[in-house]
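The values are calculated or read from the model by the stated rules, or taken from the named source; none is laboratory data. What you see is a predicted model, and the numbers here were worked out from it, not measured in a lab. Here the Cβ positions follow ideal geometry from the backbone for every residue, glycine too, while neighbour counts run over all protein chains shown. Each accessible area value is taken on the protein alone, full model and side chains, heavy atoms only, with ligands, DNA and RNA left out. Shrake-Rupley method; radii C 1.70, N 1.55, O 1.52, S 1.80 Å.
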Amino acid sequence: MNINQDQLTIFITVMETGSFSAAARQLGKVPSAISMSIANLEIDLNLKLFAPVGREPLPTPQAQSLHEKSKQPPVQ
């Protein structure tokens, strides 16, 4: 598993804004960069994080779980 901070930031922003385009606006990136980062994260984790339903991505249960874990403080 090779997740970088940028991928995690993008993932969290997509989860919190509800769309790739809103995340792109907030992060100052183009939507295709957001989509590519999420696709690479899915490959790195071997998980499907978003289902294409309508115009906006629908988070999968795996995405919900990852989002919850990303908000927890690191274990020391």
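Along the axis of the charge dipole computed for the chain (Cβ charges of +1 for Lys and Arg, -1 for Asp and Glu, origin at the Cα centre), the listed residues L66, I10, G54 are led at the positive end by G54. Taking the Cα centre of the chain as origin and assigning +1 to Lys and Arg Cβ atoms and -1 to Asp and Glu Cβ atoms, the resulting dipole is close to 120 debye.
What FRET efficiency would be calculated for the residue pair R55, A33, taking the C-beta separation as r and a Förster radius of 25 Å, to the nearest 0.05? The calculated FRET efficiency here is 0.85.
For the pair Q5 and L47, a Förster radius of 22 Å applied to the C-beta separation gives a FRET efficiency near 0.75, rounded to the nearest 0.05.
Among residues other than S19 with Cβ under 12 Å from its Cβ, the summed charge is 0 (Lys and Arg +1, Asp and Glu -1). Each Cα pair under 8 Å and six or more residues apart adds its separation to the average, and for the chain the resulting relative contact order is 26 percent.
Building the convex hull from the alpha-carbon atoms of the range 25-65 and averaging its projection over directions returns 3.2 nm². Comparing I34, I12, I43 in a Gaussian network model of the chain (Cα springs below 10 Å), the most mobile by mean-square fluctuation is I43. Its Cα gyration tensor gives the chain an equivalent ellipsoid, and the semi-axes of that ellipsoid, as √(5λ) in whole Å with the largest first, are 19, 14, 12. Solvent-accessible area of the chain (1.4 angstrom probe, protein heavy atoms only): carbon and sulfur portion equals 55 percent.
Heavy-atom accessible surface of the chain, averaged per residue, reaches 67 Å², computed with a 1.4 Å probe.
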